[in-house]
Structures are given as structure tokens and as C-alpha cells.
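Everything below concerns the one structure shown next.
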Amino acid sequence: MKQGLLLRGALVALCLAAAAPANSEYGDVVLNRNAEKNGVRPVIFPHWFHRIRFRCKVCHHELGFQMRAGSNIVSMNDIIEGKFCGMCHNGQIAWGPDRCDLCHSGKPGLQSGINGDSQTKGPGKW
Amino acid sequence: MKRLRWSVLTALLVLVAAVAWAATRGQPIATDGLHDPTSPAVGMLQEPAEAFGSLPEDTVGNRVRWMRALDEGLITPRTNIQPETKVNLRTTEVLLKNTGEMPMVRFPHRQHTAWLDCSNCHDHLFAREAGRTRINMFAILAGEKCGVCHGAVAFPLTECLRCHSAPRGSPEALAFGGTIVREAAR
């Protein structure tokens, strides 16, 4: 009887965990190394959106982004000079760096890193 | 009576969980937990649900079969920005035999080079010579080797048999004819 109760309790806990709102999409990256320090919202980089339009190799080979969240130091100067995001976000292929709010759209206080499923930074959560 | 109440409660909770799970494909940007709901970007950025709507569904990750979407021409992502960039493709398959009691791994270059450049994996993660690199699940689980992508942006490590797809003695394994590299079947 006691065992049955325990089992039901575990089942209820499991259901509640599954029902908790899932956060963000697979591979959303938060960039907040410098953003909030400089008075703008953190950047949300959506991998999925870019993946529909560009193969991984475009950013991770041509543009030079390392494949590890946190290992790329991206500054606005670089972007304005056409490096990193600025290779496309130049007003021609995609919106230009004057459209601050479209990239700097994150909640205040977010931690930098990859979101939405398992992480690439060390023991994942499976 | 008490038993019945429990059963109803349990069934209800399972239903709630199932509905929540079914709704996770394409979280609205305003409530995804990352975007600031008061940001001017909300309402201007493309919603995942709209983008994923026509793409084949998966059970894991962000629930999109990305490779199938590419193969079926449902998405046509650019391969390069600068016209002079060389787009490298490769079609050989590599058999990874030291998999203990698990089926062997058949690594297909075609699917990987459709997305990635050689330099994304070689030589810092894997030697170019097949069979030279020691790979183990601990490294992969820690986000190294295959784990750089699988689990973060490619299907996760819960999907054992998608990689461990060549049981010893199976047609997939025998097709290698005792070698570990072969040209992919057309």
C-alpha cells in the first residue's frame, strides 16, 4: 500500500515536471557578456531560425564562429566592420546593426549560454 | 472510492503532461522564457511555430527532422556567402567497430557535409585517417567529439540507435566487406 502511494507520488511529480513550460528552442544562445553592462538587453541568437536559411558551415566556417557557446568574443565594432554577425547583418542580406532591438531582445538578467535542450559545455542533461 | 479518485487524478495529470509536451514544438517568442515580452522584437521576429509548421516532425530536440527537411527540399539553406568559398562535400561512410555490445556505428559523410565543412570536425576533433581516433561515450556525453553538436543542435544522445545502426553481421555492416570505409550506396 505504502509502495503504491510512493509510486503514484513519483508519477504525479513526473507529470508536473513534464507539464512545466519548456523554455526556448533547441540551440537558442544567450549572449550577455557585454550587453547588459552596456545598457542593452542580452542578445538571443536563435540557431533554428538561421539553420533554415544557412548551413552550419556558413557561420562556423566562412564567418569563423567557434562551435562552442561562450568561445566567441563578438563586439559591436566587429559587427559594424562586417565580421561575425555583420557579414549578413549589414542591411543587405539581413537587417543592419542599427536595428539594436531585434537582436538585443532578451530578458534582463539572463546568463550567457546555450538553451533549449542539452548543452555543449560539459556533462549534458539527458 | 479513494482508489478511483487517484486514478482520475493520475489520468488528468498524464493528459496535462501530454498536452504540454505536444505544445512544445514552437514556443511563442513572448513566452519562451528567454525573450523579453516587452521587447519591440516580439511581434517582429518570426515565430518558431510558423517556421516549423511545414517541416517534418521529430520526437526529440526542437522536434524537427532537419536532415529530412533538407533532403526533401523543404528548406534550401545557403551553402556560402562569398562566391569564392569552396563548398566541400563528401559521400564516404565510416564504420566504427569498437562499440562493445552495442551495434556498430555507421558514420555517413554525406549528411554531415551537407551542413558542415571538413574543418568543423577535422583535425581537431577527428583525424582524417579512418580508425585513428579513439572515441568513447564519456567524451561524447561531456560535449566532446560527436557531442559538440549531438545533444545541442543535432539529435541528442537519447537516440542511441540512430548512430548505432549497424548490428554485427547485418547487411549494413556486411556492405563494408571487412573494410571500415566505403562509398555510400546511391
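Please name whichever of B:M104, B:G26, B:L70 sits farthest to the positive end of the charge dipole of chain B, dipole taken about the Cα centre and charges placed at Cβ: Lys and Arg +1, Asp and Glu -1.
In chain B, that residue is B:M104.
Return one quarter of the surface area of the convex hull spanned by the alpha-carbon atoms of chain B, equal to its mean projected area, in nm².
Over all viewing directions, chain B projects a mean Cα-hull area of 17.1 nm².
Quick one: angle between helix B:2-22 and the longest Cα principal axis of chain B, in degrees between 0 and 90, rounded to 10, please.
On a 0 to 90 degree scale, this one is about 60.
Got a sec to turn the phi values of segment A:49-65 into Karplus ³J(HN,Hα) couplings, 6.51 cos²θ - 1.76 cosθ + 1.60 with θ = phi - 60°, whole Hz, x for Gly and Pro?
5, 5, 5, 5, 10, 9, 6, 3, 5, 4, 7, 8, 10, 5, 8, x, 7
Between A:W95 and A:S71, 0.36 nm times their residue separation minus their Cα-Cα distance comes to what?
Using 0.36 nm per residue and subtracting the Cα-Cα distance, I get 6.2 nm.
Please provide three numbers in whole Å: the alpha-carbon extents of segment B:92-183 along the principal axes, with the largest listed first.
So the three principal-axis extents are 32, 25, 22 Å.
Over 32 Å between Cα atoms, which of B:K86/B:K145; A:K107/B:K86; A:K37/A:K83; A:K83/B:K145 qualify?
Table pairs above 32 Å Cα-Cα are A:K107/B:K86.
On average, how many beta carbons from a partner chain sit within 10 Å of the beta carbon of a residue in A:104-110?
Taking all residues of A:104-110 together, the mean is 5.
Per-residue counts of other Cβ atoms within 10 Å, averaged by peptide: what ranking do you get for B:115-124, A:69-78, highest first?
The packing order, highest mean first, is B:115-124, A:69-78.
Charges only on Cβ, +1 for Lys and Arg, -1 for Asp and Glu: so what's the dipole of chain B about the Cα centre, in debye to the nearest 20?
700 debye
Every number here is computed from the coordinates shown, using simple stated rules; none is lab data. This one's a predicted model, so the numbers in the text were calculated from it and none came from an experiment. Every residue, glycine among them, receives a Cβ derived from its backbone with ideal geometry; neighbour counts consider all protein chains shown.
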